[in-house]
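These notes are about the structure you will find just below.
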Amino acid sequence: MDEPRKPEWVRFGQRVKRLRRQQGLSLNELARSTGWSASYLGKIEKATRAPNGDVVTALDRALRTNGALLREWGDVLKSRTEPEWYRQSRDYDKRAREIRFFHPVVVPGFFQTSEYARVLITHAVPGASEEYIQNVIDTRASWRADLKTDAGLILNVIMAETALSLPIPAEIMCEQLDRLIQESQEAAITIQILPAGVPDLAWITGPFRLIYIEDEQAVLCVEHPVGELLADGVREIRNLEAVFSRLQAWALPPDASVRKLKEMRQAL
């Protein structure tokens, strides 16, 4: 699953390649040092795959850059706006037959109302321009429009109860809860609430979604503060599938989750 080359990835990949050659390492030797395949590392060097945080950490350690590679990749992430990273995974979402999504902190972006999204953006990106804010809001609305549940797509969504208890103005939160209740009425959408205080800490994995496309390898999207990273490694996908199963086991059943949403709505 190669991705389009991007200028910021090219610079990072060239940096990794230069460091590897300076230290006299082949791709196979670097693979043994990092625990990641030579094929995957080669794609990073050629800028056809974006690395995730784990592989950058492994490269930083193996190439003895004392955090420099981690800082450089952090700069790459900061230089990208949400609409740009969103477009990387948009094609996968549009072709999916099933998407499993978990978010421990906020309502998933494709279910966010405009005003709820505005509150989150203005706090997460202090000083953001109105143009930037509106761009992100429009992107999230477009994301939901892409998810054609009437065409057979199944959405299985788990969100933490704490994500629904943020200090957001009541009128905005009421509208957001109404939206979730409405979405939960669709036969192809299952929304489950993970109660606060469950003893299983699988939720600390952070937000992610698993995208399943007919006759193709599943795709994993892992969110971070300024975007998301794509991966199709079997190991990573199996790990997150196991995490999702554990979260489902602790989450309220769909009908109880809807009742919880309605109770929270009435309490505002």
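The values are calculated or read from the model by the stated rules, or taken from the named source; none is laboratory data. The model shown is predicted, which means the values in this text are computed figures rather than measured ones. Heads up, the Cβs are rebuilt from the backbone with ideal geometry, glycines too, and the neighbour counts pull from every protein chain shown. All accessible areas refer to the heavy atoms of the entire protein, side chains included, with ligands and DNA or RNA removed. Shrake-Rupley method; radii C 1.70, N 1.55, O 1.52, S 1.80 Å.
Estimated at the nearest 10 Å², the accessible area of ILE168 is 20 Å² with a 1.4 Å probe. Packing order of peptides 236-246, 100-110, highest average first: 100-110, 236-246 (average count of other Cβ atoms within 10 Å over each peptide's residues).
Stretching ALA68 away from LEU25 to a fully extended chain increases their span by 13.6 nm, per 0.36 nm per residue minus the current alpha-carbon distance. Against the main long axis of the alpha-carbon atoms of the chain, helix 68-78 sits at an angle near 40°.
Helix 170-183 and the longest principal axis of the C-alpha atoms of the chain enclose an angle of approximately 80°. Solvent-accessible surface (1.4 Å probe) assigned to TRP143 amounts to roughly 10 Å². Per-atom-type breakdown for the chain gives carbon and sulfur 51% of the accessible area (1.4 Å probe, protein chains only).
Sparse packing (at most 11 other Cβ atoms within 10 Å of the Cβ) combined with a DSSP loop state is found for the following GluC sites (Glu not before Pro) in the range 142-216: GLU214.
For the chain, the longest principal axis of the Cα atoms and the long axis of helix 7-22 meet at an angle of about 40 degrees. For the range 99-116, putting each phi into the Karplus relation 6.51 cos²θ - 1.76 cosθ + 1.60 with θ = phi - 60° gives couplings of 10, 10, 10, 10, 9, x, 10, 9, 5, x, x, 6, 9, 6, 6, 4, 6, 5 Hz, in residue order, rounded to whole numbers and with x for Gly and Pro.
Candidates VAL222, GLN182, LEU210 compared by Cα position along the dipole of the range 139-268: farthest toward the positive end lies GLN182, with charges placed on Cβ.
Could you tell me which of the pairs LYS148/LYS260; LYS46/LYS94; LYS43/LYS148 are separated by over 29 angstrom between their Cα atoms in the structure shown? In this structure, LYS43/LYS148 lie more than 29 Å apart at Cα.
In the complete set of protein chains, residue-level accessible area for THR205 is approximately 70 Å², probe 1.4 angstrom.
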